[in-house]
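The values are calculated or read from the model by the stated rules, or taken from the named source; none is laboratory data. Please read these numbers as outputs of a predicted model, since none were measured by experiment. Here Cβ is always computed from backbone atoms with ideal geometry, including for glycine, and neighbour counts include all displayed protein chains.
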Amino acid sequence: MNQWSGFLKKEWIESIKSYKLLLIVTCFSFLGILNPFTAKITPVLFEKFLPEIMVSLPEPSALDSWMQFHKNVPQTGMIFFILLFSTIVSKELEKGTLTMLLTKGLSRTTVITTKFFIISGYWIGAISLSFLITYSYTAYYWDQGTVYHTVFAAFGLLLVGLLLLSITLWGNTFFANSSGGVIAALLAFGALSLAAIIPTTIKWNPIALLTEASNLLTNMTEPKELWLPCLVAIGSTVSFVCWTVRHFKKKQI
């Protein structure tokens with residue numbers, strides 16, 4: 001436990017020194033503000049530049065703000081996060097700092113579990129930050145009584161993010177280069193997206209946690225219908241972390 005907490009402290013300090021924490025807070029705060037702002041400003045922009053379209057545009061609502069949340073965070077936020085942590089293992093191996101710690105007796109299991117723990121913590125914090133900012137501004141501008149399951153929809157996004165981050169960690173460890181983790185995450189996302197074309201896969205596919213967000217917000221889908229994709233996402237995340245630990249233990253450094 002001393003080894004684990006000590007390495008966690010090292011990772012925390014390095015993330016501050018490398019400005020990762022600052023970048024995460026800045027990016028997800030910006031996205032949190034952008035969601036309601038985009039919903040609010042879009043009709044104004046259309047009125048100014050395309051007045052003929054304004055006749056068919058409804059008034060902006062809380063639903064529009066949350067739709068922006070589930071558009072911006074998965075697209076911009078998740079990609080940003082994967083790129084930010086895509087070299088979390090390979091970079092230290094290249095610099096030799098991790099090799100030195102391992103030769104001094106640091107457990108390889110500790111390395112992987114600690115790194116995933118801090119990535120997960122940052123991701124949960126980032127989603128929570130963006131969610132709270134979006135919620136606050138949305139509540140200020142609109143009545144949210146017609147929007148449903150906002151917390152569960154965000155929880156689904158959080159789980160998909162953890163899954164892709166665990167795959168990124170596995171890819172970066174397995175291929176030991178800067179692009180391995182990103183490519184692994186992209187291939188996994190592509191495979192799940194292709195599988196989602198088959199309607200029956202929605203019952204278990206974690207991608208359903210993203211694609212069904214709009215239906216959750218409008219109460220067309222109930223949370224109980226998505227518990228299996230949640231369990232698959234959690235199980236897959238744990239599996240990828242275990243595979244990463246197993247591979248890293250056998251890896252020659």
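Is it the case that some residue within region 89-112 is within 12 Å of the chain's Cα centre (by Cα) and either within 30 Å of Lys40 (Cβ to Cβ) or free of Cβ contacts under 8 Å to residues at least 60 places away in the same chain (or both)?
To start, the set of residues in region 89-112 that are within 12 Å of the chain's Cα centre (by Cα) comprises none.
Looking for residues that are within 12 Å of the chain's Cα centre (by Cα) and either within 30 Å of Lys40 (Cβ to Cβ) or free of Cβ contacts under 8 Å to residues at least 60 places away in the same chain (or both), one finds none in region 89-112, hence no.
Hey, could you check region 98-109 for residues that are touching a helix residue (DSSP H, G or I) at 6+ places or on another chain (Cβ under 9 Å) and part of a helix (DSSP H, G or I) and say which is surrounded by the fewest Cβ atoms within 10 Å (Cβ to Cβ)?
Going through region 98-109, the residues touching a helix residue (DSSP H, G or I) at 6+ places or on another chain (Cβ under 9 Å) turn out to be 98-99, 101-102, 105-109.
Checking which are part of a helix (DSSP H, G or I) leaves us with 98-99, 101-102, 108-109.
On the way: Leu98: 19, Thr99: 13, Leu101: 18, Leu102: 16, Arg108: 18, Thr109: 16.
Checked region 98-109; the qualifying residue surrounded by the fewest Cβ atoms within 10 Å (Cβ to Cβ) is Thr99.
When you scan region 189-253 for helices (runs of 4 or more DSSP H) that lie fully inside it, which ones turn up with 3 or more residues that are in contact with a Pro (Cβ under 7 Å, 6 or more places away or on another chain) and at negative phi?
Working: elements: 208-211, 213-217, 227-250.
So the answer is 208-211, 227-250.
Give just the number: which of (1) over 25 Å from Leu98 (Cα atoms); (2) buried (at least 19 other Cβ atoms within 10 Å of the Cβ) does Val241 not satisfy?
It fails just one condition, (1).
Quick one: which residue in Ile112, Ile33 is within 19 Å of Ser178 (Cα to Cα), of a type outside the set (Gly, Ala, Ser) and either at pLDDT 85 or above or in a helix (DSSP H, G or I) (or both)?
Working: Ile33 fails: within 19 Å of Ser178 (Cα to Cα).
Every option except Ile112 fails the conditions.
With respect to Thr150, is the statement that it is modelled with pLDDT of 95 or more, among the polar types (S, T, N, Q) and more than 30 Å from Gly96 (Cβ to Cβ) true?
yes
Among the residues of region 1-21, which ones are touching a helix residue (DSSP H, G or I) at 6+ places or on another chain (Cβ under 8 Å) and under 19 Å from Ser130 (Cα atoms)?
Within region 1-21, Lys20, Leu21 meet the criteria.
Would you mind stating whether Ile197 is in contact with an Asp or Glu (Cβ under 8 Å, 6 or more places away or on another chain), modelled with pLDDT under 95 and among the β-branched types (Val, Ile, Thr)?
Against the criterion (in contact with an Asp or Glu (Cβ under 8 Å, 6 or more places away or on another chain), modelled with pLDDT under 95 and among the β-branched types (Val, Ile, Thr)), Ile197 does not qualify.
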